[in-house]
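Engineer: Dropping a structure here in structure tokens format, bear with me for questions.
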Amino acid sequence: MNKRFALAAALVSLIAAGALFAENTVLINAAGATFPYPIYSKWFDVYHTKFPNIQINYASVGSGAGISQLLNGTVDFGASDGPMTDEQLAQAKIKVLHFPTVLGADVPTYNVPGVSTDLNFTQKALAGIYLGTITKWNDAEIANANKGVNLPSSDVVVVHRSDGSGTTYIWTDFLSKVSPDWASKVGKKTSVNWPVGLGGKGNEGVSGLVKQTPGSIGYVELVYAIQNHMSYGKVQNADGKFVKADLAGVTAAAAGAAKSMPDDFRVSITNAPGATAYPISSFTWLLIPSQISDTAKRDAIKGFLNWMLEDGQGYNEALAYAKLPKPVIAKEEKAIGLIH
Amino acid sequence: MDRAAPIRSGPRSFLRRLTDGDQIAHFITLIFAASILLITTMLVYQLWTGSTDARHKFGWHFFFTTTWDPVAGDFGALPFIYGTLVTSALALLIAVPLGLGAAIFLAELAPRSISDALAFLIDLLAAVPSVIYGLLGIFIVVPMMRLYIAPFLKATLGFLPLFQGPCYGVGMLTAGIVLAVMVVPFIVSVSREVLLSVPADQREAAMGLGATRWEATWKVVVPFARTGIFGSVFLALARALGETMAVTMVIGNDPKIAASLFAPGYSIAAVIANEFSEATGNLYVHSLVELGLVLFLLTFILNGVARLLIVATEQKGMSQA
Amino acid sequence: MSFRTAWRKSVNIMMLSLTGACALVTVSVLIFILGYLAWNGASAVNWDFFTKLPKPVGDTGGGMANAIVGSAKLLLIASLIGMPIGIMAAVYLAEFGGKTFSFIVRYTTDLLNGVPSIVIGIFAYAVVVIPMKHFSTLAGGFALGIMMIPIAVRSTEEFLRAVPRNLREGAMALGASKWKTIATVIVPAALQGILTGLLLDVARVAGETAPLLFTAFSNRFWSPGWNQPIASLPVMIFTYAISPYDDWHRQAWAAGLVLLGLVLVINIVSRFVMARRAAFLRG
């Protein structure tokens, strides 16, 4: 009998202990984009060390899921690689504010037998490859930009993302701007009807397929390519120059946009003007409700945003994300005041 | 216990019957069985209401359209139905003989301790997360397919349209193989237990009549355990139809219908897993939910066909007995 | 020896060897998977892994303590939901059921089994998370519990049916009522098989990711009580495996190993308890 009692007591206390919750802990749940997950997890961790009673719990379930969970009210804020559309904003019961956090980019990665240098891709070349009109590696469009490189006559195997993602949004946004054919036939979205190609799940899936399939080309996030020491090509920008993606080039793309940044921060910076600008760059945003009724949560979120714009930006480059341009930061700091 | 004469009708008789332990047990277990129906009905209801926009827009065309265009808002289910059916069929074609063979070995031939130990280990295969199966598929099955299996199949069976065309490594056959590995534990585990529970006298009677070990097993024991084995195949089929993560990592994710097994394809569960998180806009989300409804319908039909087959074989068995 | 006998003998040897080959192939695949997991993840399985919370990439010393506890909590709730429904429904189907109603229940159970895990997750999201307005362990356990029901029903029913008639008839001859027969004779006789089925069930849902993404969500920290988002091993594996970082990849493999270990522990403990009980009953 004693043994049973002890067991029961242990079980009850275990369950009770499970229910304990420190009184002044502020637990904030957020969900959204996978692309900035590494930097976000770093930020939330550092912030938690600074303010141990604030727990910001972020799940990288994808931009679309982040948006829909925000609209459903099951998370406190969201995150997305593509800005919310007008139609989505209309669905929100409380007005949603966009706050750019970091900059990222998509790069073309390829596996061409016999080619070990960085290939130059013109805008027409990328559009043609992904439309399926350019099918061989030694096609004139590719060869003319890469004089001196021995391109094989083998088929181009196109690889794209199978899962809906902000990475795809950025890529298709760029292609829509540089190719009227692409804009009318396919369009831009986190998930599109690809004319050709194999689908890989996640950056991992795309890079895995490219690595294993001779003659293939795919697009991955810059962060991913750098972390995995992948080789990637140069892309022709709006000024006609071939730029290899790096943090400076991405920031340059944003600098141009900073001048004409709309008040709600929803802007696309693909194909930005500037000699050194990398053309397939983008902001990524936090989606914050403009009205937060819980005072503790509101103060915590506002505090975090202020910290993120100043100290937080210092962590970006170590993880291969580009910093926000100063004018944008200043504008955002003013916008934080809109949260009440 | 002295019971009064039962009252024949009305609620009082029901409550009176409830005092009997058996009736209570009947009632309680009935409630639990009915709860399964309730949950499934709620599920179908959610799927139905969650797909209204798509059903109204596309109607029956949804089943026959091959486009899947989130930007233009044009959605069709045919490539996904094809992919789901083909990969599941492949998975069963590989897993059922393999699993049944292993189960027979473990139940009939292996010494009990080895059989228990191995069965224990095979059960663990069921716990491997599908993401890991997917990763293993990418790192191991895909290169093997591209470098060894596909060339071999092309050389030997290349005259069939099933084995023609370029092979990228990912594709229907790869997905079928990965699914087979995932469902084999169900077949082995359940079939083995069922075979073990066949009474010893059945085996002994057969061997007493001069049957070899194999004949006793195949002609007497296995048919005796038939329903259990079919049950395990149902479990395997259901898992294959609904498997999400692993399939999407190795099937190529291309919503097209092709005759070749080497071609990339797409399954219903895979496209829902890939696109649901990011889908915004009612028509898009509703189309994905409608795909879930379509899969439900597919499972309904397949189960029906399978059961008809069972009834047919049982009748055949009866007439032979 | 006639030709026919020789033929039958050789068929015998051939088929039996073939079944041995099947068993060998199946087991080899398992050993291979375990080996691969160990090879890639063993380096990350250390004391920190079991005791520390996750750290951002690049910071050493992170672990998955909250995910391990999380998976255990989720499996507990799932079992509390799935097992009773499954076993009771199976008892109904095997012992009490009328022909048509039983057919409908069995058919529906098979249908439920075929629903993709992500659709179950979406269902649980609509039914539990949205009304509650937040993610929770309960929602995750609910989703996993639904997934457990079909296997529990199917396998329990099979083993109840497999109990020989003479046991039932013996009990009834001694005057036991139906429910007493079921509770004291039939279920104990089928217990070994039922347990196998339930353990297989737990193993299957232990590795499910998709239903948890929309219900239990995930949690960087410890999850107090049962009403908050919670981390789990499959979701961590999923998040880490598709990330760009080698360190996280190793942790993902390690988490796979630990998950299998968790299932193994559940298996061993259950079988041990069963063996003790059997020994006790034998006296």
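Taken together, the values in this text are just the output of simple stated rules run on the coordinates, not laboratory data. Everything quoted here is computed from the prediction, not taken from an experiment. Cβ placement follows ideal geometry from the backbone for every residue including glycine, while neighbour counts extend to all protein chains displayed.
Engineer: Which one of C:T109, C:T100, C:T51 has the biggest mean-square fluctuation once chain C is modelled by GNM with Cα springs under 10 Å?
Structural biologist: Of C:T109, C:T100, C:T51, the most mobile in the Gaussian network model is C:T100.
Engineer: Still on this structure: Roughly what angle does helix A:63-72 make with the longest principal axis of chain A, taking Cα atoms, 0 to 90 degrees, to the nearest 10?
Structural biologist: Rounded to the nearest ten degrees, it is 40.
Engineer: Still on this structure: With the contact rule set at Cα under 8 Å and sequence spacing of 6 or more, what percent relative contact order holds for region A:105-259?
Structural biologist: That works out to 35 percent.
Engineer: Label C:N46 and B:I24 with points 7 Å out from Cα along Cα→Cβ: what is the distance between them in nm?
Structural biologist: In this crude spin-label approximation the distance works out to 5.8 nm.
Engineer: Would you mind listing how long region B:54-320 runs along its three principal axes, going by Cα atoms, in whole Å with the largest first?
Structural biologist: Principal extents (largest minus smallest coordinate, Cα): 71, 42, 37 Å.
Engineer: Given the convex hull over the Cα atoms of region A:105-259, what projected area results after averaging over all orientations, in nm²?
Structural biologist: Mean projected area for region A:105-259: 8.7 nm², to one decimal.
Engineer: Report the semi-axes of the equivalent ellipsoid for region B:150-225 in whole Å, largest first, where each axis is √(5λ) for an eigenvalue λ of the Cα gyration tensor.
Structural biologist: 41, 17, 7
Engineer: I'm a student and want to see the number: the projected area of the Cα convex hull of chain C, averaged over all directions, in nm².
Structural biologist: 22.3 nm²
Engineer: Nearest 10 degrees, 0 to 90: what angle lies between the long axis of helix C:65-91 and the longest principal axis of chain C (Cα atoms)?
Structural biologist: 30 degrees
Engineer: Would you mind checking the radius of gyration and Dmax of region C:111-175 based on alpha-carbon positions, in Å?
Structural biologist: 18.8, 56
Engineer: To the nearest 20 debye, what charge dipole does region A:81-238 have about its Cα centre, counting +1 at the Cβ of each Lys and Arg and -1 at the Cβ of each Asp and Glu?
Structural biologist: In total the dipole reaches around 100 debye.
Engineer: As an exercise, use a Förster radius of 45 Å and the Cβ-Cβ distance of A:T117 and B:L308 to find the FRET efficiency, rounded to the nearest 0.05.
Structural biologist: Efficiency computed from Cβ-Cβ geometry: 0.10.
Engineer: Provide, for q = 0.05, 0.06, 0.09 Å⁻¹, the log10 of I(q)/I(0) from a solvent-free Debye sum over equal Cα point scatterers in the protein assembly as shown.
Structural biologist: Normalising to I(0) and taking log10 leaves -0.31, -0.45, -0.97.
Engineer: So, one more: What is the distance in Å between the Cα centres of region A:296-340 and region C:187-208?
Structural biologist: So the two Cα centres are separated by 51 Å.
Engineer: Counting only other chains, and only Cβ atoms inside 10 Å, what mean value do you get across the residues of B:301-308?
Structural biologist: Mean partner-chain Cβ count within 10 Å for B:301-308: 2.
Engineer: Relative contact order of chain B: what whole-number percent is it, with Cα pairs under 8 angstrom and at least 6 residues apart?
Structural biologist: 26 percent
Engineer: OK, next. What nm distance separates the two modelled labels at B:A205 and B:T65, each placed 7 Å from Cα along Cα→Cβ?
Structural biologist: 6.0 nm
Engineer: Would you mind finding the longest exposed-site-free stretch of chain A, with exposed GluC sites (Glu not before Pro) meaning DSSP loop and at most 14 other Cβ atoms within 10 Å?
Structural biologist: Between the exposed loop sites, the longest stretch runs A:24-309.
Engineer: I've got another one for you. Calculate the tail of P(r) for region C:36-148: the fraction of all Cα-Cα distances greater than 23 Å, expressed in %.
Structural biologist: Considering region C:36-148, 51 percent of its Cα-Cα pairs are separated by more than 23 Å.
Engineer: Tell me, what are the semi-axes, in whole angstrom and largest first, of the equivalent ellipsoid of chain A as set by the roots of 5 times the Cα gyration tensor eigenvalues?
Structural biologist: For chain A, the ellipsoid semi-axes come out as 41, 24, 18 Å.
Engineer: Moving on. Any idea what diffusion coefficient region A:182-272 gets from Stokes-Einstein, in µm²/s, Kirkwood Rh on alpha carbon pairs, 10 °C, 1.306 mPa s?
Structural biologist: My calculation gives 102 µm²/s for D.
Engineer: Something else now. Hey, which of these cross-link pairs are over 25 Å Cα-Cα: A:K136/A:K185; C:K73/C:K133; A:K93/A:K323; A:K177/A:K302?
Structural biologist: Over 25 Å Cα-Cα: A:K93/A:K323; A:K177/A:K302.
Engineer: Another question about this same structure. What list of ³J(HN,Hα) values in whole Hz, one per residue of region C:150-160 in order, does the Karplus curve 6.51 cos²θ - 1.76 cosθ + 1.60 (θ = phi - 60°) give from phi, with Gly and Pro shown as x?
Structural biologist: x, 5, 4, 4, 4, 6, 4, 4, 4, 6, 5
Engineer: Cα axis of helix A:326-336 to longest principal axis of chain A: angle in degrees, 0 to 90, nearest 10?
Structural biologist: 30 degrees
Engineer: In addition: Can you tell me the alpha carbon radius of gyration of region B:188-266 divided by the globular rule-of-thumb value 2.2 N^0.38 Å?
Structural biologist: 1.69
Engineer: Rg to Rh ratio, region B:222-278, alpha-carbon atoms and Kirkwood radius?
Structural biologist: 1.16
Engineer: Rounded to the nearest angstrom and ordered from largest down, what semi-axes does the equivalent ellipsoid of region B:82-212 get from its C-alpha gyration tensor (root of 5λ)?
Structural biologist: Gyration-tensor ellipsoid for region B:82-212: 35, 19, 12 Å.
Engineer: Please state, as a whole number in µm²/s, the translational diffusion coefficient that the Stokes-Einstein equation yields for region B:29-74 at 37 °C and 0.692 mPa s, with Rh defined as the Kirkwood radius across alpha carbon pairs.
Structural biologist: 254 µm²/s
Engineer: Taking 8 Å as the Cα distance limit and 6 or more residues as the minimum spacing, I'd like the relative contact order of chain A as a percentage.
Structural biologist: Here the relative contact order equals 23 percent.
Engineer: When the helices in chain C are scored as -39500 (n - 2.57) per DSSP H run of 4 or longer and the sum is shared across all residues, what 222 nm value do you end up with, to the nearest 500 deg cm²/dmol?
Structural biologist: The per-residue figure over chain C is -24000 deg cm²/dmol.
Engineer: What distance in nm lies between label points placed 7 Å from Cα along the C-beta direction at C:L80 and C:V265?
Structural biologist: 1.9 nm
Engineer: Still on this structure, I have one more. Rounded to the nearest 0.05, what FRET efficiency do C:F32 and A:V196 give with R0 = 41 Å and r taken as the Cβ-Cβ distance? Could you check?
Structural biologist: 0.75
Engineer: Can you find, among B:N303, B:S260, B:L93, the residue sitting farthest towards the positive end of the charge dipole of chain B, where Lys and Arg contribute +1 and Asp and Glu -1 at Cβ?
Structural biologist: Farthest along the dipole direction, towards plus: B:N303.
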